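The values are calculated or read from the model by the stated rules, or taken from the named source; none is laboratory data. In this text, all values refer to a predicted model and were calculated from it rather than measured experimentally. Cβ sites come from the backbone with ideal geometry, for glycine too, and all protein chains shown count toward neighbours.
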Amino acid sequence: MASVEYKKIGKSFGSVEIMKDVSLRIEDGEFVVLLGPSGCGKTTLLRMTAGLETISSGELEIAGRRVNDVHPRDRDIAMVFQNYALYPTMKVFDNIGFSLEVAKRSKAEIKQKVEWAAAILNLTPYLQRYPKELSGGQRQRVAMGRAMVREAGVFLFDEPLSNLDAKLRAHMRLEIRQLHNKLGATTVYVTHDQIEAMTMADKIVLMQGGRIVQMGSPDEIYEKPNSKYVADFIGSPSMNFLDGEIAAEGGGAIFRAPGVSIPVPAGTAARPGQKTILGIRPNDLKVTGSGPISGRLILAETTGSDVHLHVDVDGRDTVAVVPRAERLQPGAPVSLTVAPEAIHLFDAGTELRIG
Ligand code: ATP
């Protein structure tokens with residue numbers, strides 16, 4: 001196991017700077033997910049960690065050693081790629097053991113390590129098959145087995161589940177996380193899928209335009225997003241946003257917008273007159289007889305377990321996730337309520353959280 005530390009990492013391709021001052025410490029044995037939309041720089045950061053891309057500025061340390069100029073082979077890392085990169089002409093056994101073969105380890109050691117990895121990954125019955133004779137999930141596990149036998153200090157994953165269907169993805173999420181719990185190797189995992197990040201990470205590092213915008217545990221990021229960008233990226237269905245203004249009322253403050261009037265929790269640093277964006281997660285909205293948010297039903301979508309009500313609140317499609325029992329007709333007036341402590345407020349200019 002090993003820690004990974006990025007110190008003011010920067011990256012330019014020619015004259016184009018795509019990353020600046022990325023600083024982050026990943027502790028020994030931690031599972032960190034680099035999350036962000038396409039083009040935010042997460043793959044480039046992973047590739048710099050692996051040594052597949054040069055580092056333009058800053059320092060990268062693995063296990064306390066500066067590795068900026070160290071060959072990928074000597075960095076104590078193992079990488080699992082999106083396309084798995086299995087050798088099609090080699091059986092599963094040889095695919096998993098290939099790096100040991102190259103390192104000229106003894107036949108007995110290779111056999112012992114491949115069988116150990118195969119047992120953990122439930123691949124024992126498939127060792128004599130070729131990759132083309134395996135399902136997507138099995139191929140994915142072979143790619144992991146190949147990384148495991150290298151006994152590297154750091155595992156790097158680049159969107160390893162993106163080629164799988166939804167059900168298998170959910171299954172593999174669980175398997176990778178269980179494997180991590182078993183092996184305890186430091187893991188850096190790149191994805192644009194916030195569900196993967198929320199379900200697997202010890203720590204999420206959310207990126208935007210080559211910068212880290214927030215890092216923390218999944219709960220911290222979900223409960224206290226530090227900007228509208230983060231709030232919008234995390235959570236499904238996405239957070240609702242309403243534009244309004246803070247007003248003083250009876251010694252306290254309220255958020256006001258057409259069709260909306262919500263008290264602001266005491267101690268919030270919102271000033272009367274401040275243009276503000278109100279954020280509410282769909283699961284925090286409840287239908288009531290008369291509530292502080294009113295609109296008309298656009299559509300009710302049933303997901304099976306619950307219903308997503310799309311409510312027009314002053315022209316904004318506002319989503320409430322409610323129990324299946326709520327039966328409403330399109331066009332019907334809907335009143336919604338939210339617990340004051342469940343609201344999120346962002347300054348309309350900076351889009352940063354009002355604490
Ligand atoms: P995706 O999920 O689409 O892979 P990403 O967040 O991993 O996105 P990167 O692949 O790291 O993003 O790319 C970050 C930025 O760097 C992008 O704007 C991309 O266009 C640019 N970039 C990446 N590789 C190169 C390259 N070889 N030459 C020039 N620009 C590049």
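For segment 315-338, does any single residue satisfy the condition of being touching an Asp or Glu at 6+ places or on another chain (Cβ under 6 Å) and under 16 Å from LYS224 (Cβ atoms)?
The answer is no; no qualifying residue exists.
Quick check on this structure: which one of ALA85, ALA78 is modelled with pLDDT under 95, small (Gly, Ala, Ser) and crowded, with 21+ Cβ neighbours inside 10 Å?
Values: ALA85 fails: crowded, with 21+ Cβ neighbours inside 10 Å.
Answer to the selection: ALA78.
Is it true that ALA147 is small (Gly, Ala, Ser), touching a residue at least 40 places away in the same chain (Cβ under 8 Å) and crowded, with 17+ Cβ neighbours inside 10 Å?
Values: small (Gly, Ala, Ser): yes; touching a residue at least 40 places away in the same chain (Cβ under 8 Å): yes; crowded, with 17+ Cβ neighbours inside 10 Å: yes.
Criteria met by ALA147.
From the list ASP347, ASP314, pick out the single residue that is under 23 Å from THR268 (Cβ atoms) and at pLDDT 95 or above.
On the way: ASP314 fails: at pLDDT 95 or above.
None of the other options fit; the residue is ASP347.
Just to verify a result, which residue in segment 47-61, among those that are touching a helix residue (DSSP H, G or I) at 6+ places or on another chain (Cβ under 8 Å) and not in a helix (DSSP H, G or I), is surrounded by the fewest Cβ atoms within 10 Å (Cβ to Cβ)?
First, the residues of segment 47-61 that are touching a helix residue (DSSP H, G or I) at 6+ places or on another chain (Cβ under 8 Å): 50-55, 60.
Keeping just the survivors that are not in a helix (DSSP H, G or I) gives 51-55, 60.
Numbers: GLY51: 21, LEU52: 14, GLU53: 15, THR54: 11, ILE55: 19, LEU60: 22.
Looking at residues that are touching a helix residue (DSSP H, G or I) at 6+ places or on another chain (Cβ under 8 Å) and not in a helix (DSSP H, G or I), I get THR54.
Can you tell me which of ILE221, ILE254 is buried (at least 20 other Cβ atoms within 10 Å of the Cβ), outside the structural domain of LEU336 (by TED's automatic domain parsing) and outside any loop (DSSP other than H, G, I, E, B)?
ILE221
Against the condition more than 23 Å from the chain's Cα centre (by Cα) and either more than 14 Å from the ligand (Cβ to nearest atom) or surrounded by fewer than 16 Cβ atoms within 10 Å (Cβ to Cβ) (or both), how does SER12 come out, does it pass?
On the way: more than 23 Å from the chain's Cα centre (by Cα): yes; either more than 14 Å from the ligand (Cβ to nearest atom) or surrounded by fewer than 16 Cβ atoms within 10 Å (Cβ to Cβ) (or both): yes.
In short, yes.
How many residues are in contact with a Phe, Trp or Tyr (Cβ under 9 Å, 6 or more places away or on another chain) and modelled with pLDDT of 95 or more if we restrict to segment 264-311?
Number of matching residues: 6.
Report, by residue number, each residue of segment 188-218 that is part of a strand (DSSP E or B) and either β-branched (Val, Ile, Thr) or more than 13 Å from the ligand (Cβ to nearest atom) (or both).
Going residue by residue through segment 188-218, those that are part of a strand (DSSP E or B) are 188-191, 203-208, 211-216.
Passing the criteria: VAL188, VAL190, THR191, LYS203, ILE204, VAL205, ILE212, VAL213, GLN214, MET215, GLY216.
Can you name the residue in segment 219-237 that is of a type outside the set (A, V, I, L, M, F, W, C) and without any contact (Cβ under 8 Å) to a residue 40 or more places away in the chain and, of all such residues, is nearest to the ligand (Cβ to nearest atom)? Before you say what the answer is, go through the steps one by one.
Pass one, segment 219-237, residues of a type outside the set (A, V, I, L, M, F, W, C): 219-220, 222-229, 232, 235-237.
Then keep just the ones that are without any contact (Cβ under 8 Å) to a residue 40 or more places away in the chain; that gives 219-220, 222-223, 232.
On the way: ASP219: 24, GLU220: 22, TYR222: 21, GLU223: 25, ASP232: 17 Å.
Ranking the qualifying residues of segment 219-237, first place goes to ASP232.
Limited to segment 62-95, what total is found for residues that are assigned to a loop (DSSP other than H, G, I, E, B) and more than 16 Å from ALA143 (Cα to Cα)? So that I can check it myself, show each step before the final result.
To start, the set of residues in segment 62-95 that are assigned to a loop (DSSP other than H, G, I, E, B) comprises 63-64, 67-71, 75-76, 81-91.
Still in the running and more than 16 Å from ALA143 (Cα to Cα): 63-64, 67-71, 75-76.
Looking only at that region, the number is 9.
Being at positive phi and away from the ligand (no atom under 16 Å from the Cβ) is the requirement here; does GLY29 meet it? Show your work before the answer.
Details: at positive phi: yes; away from the ligand (no atom under 16 Å from the Cβ): yes.
Answer is yes for this residue.
Scan segment 234-246 residue by residue and report those that are in contact with a strand residue (DSSP E or B) (Cβ under 6 Å, 6 or more places away or on another chain) and either of a type in the set (Ser, Thr, Tyr) or crowded, with 17+ Cβ neighbours inside 10 Å (or both).
MET239, ASN240, PHE241, LEU242, GLY244, ILE246
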